[in-house]
1. Can you tell me how much longer the chain between N21 and F68 gets when fully stretched, taken as 0.36 nm per residue apart minus their C-alpha distance, in nm with one decimal?
2. Determine ³J(HN,Hα), in whole Hz, for all residues of the range 42-48 in sequence, where each value follows from phi through the Karplus function 6.51 cos²θ - 1.76 cosθ + 1.60 and θ = phi - 60°; x replaces Gly and Pro.
3. Anything over 19 Å Cα to Cα? Flag those among K58/K88; K54/K91; K66/K99, in the order listed.
Amino acid sequence: MNEGQVGRGRIDKKTEPPPENEWFVYLIEAENGFLYTGITTDLDRRIKEHKEGKKGAKFFRRSPPKRFLVRSGPYSRSIALKLEHRIKQLKREEKLKLKVRRNLKSLLDSLS
């Protein structure tokens, strides 16, 4: 059987979707000072991908990641996507203020 195929009721671990409530929202500052917002199920893997440039965002081709500004979660995928969208709408100064928040979910509450 090839890797990733289903057999005898078993799914290869590489094809299993992440648990629904284990998504993280993150904000990274690039070397050039620009800010990047994203979501992932594995923060360490994702920053490595961004640094290596293979599977990382095109955003970092111009300037590599410098540091995490915000790491928050875990959330459901739905909440993480909503938070990511909300953060992307903020001005730079507002994004930088997020460093002091422990729970970004309060951002969604402010939309109501």
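Where a number appears in this text, it was derived from the coordinates with a stated rule and is not lab data. Bear in mind that the values here come from a model prediction, so they are computed numbers and not experimental data.
1. Numbers: separation 47, 0.36 × 47 = 16.92 nm, distance 2.14 nm.
Here the answer is 14.8 nm.
2. Computed from phi, the couplings for the range 42-48 are 9, 4, 4, 4, 5, 5, 4 Hz.
3. Checking Cα-Cα distances, K54/K91 exceed 19 Å.
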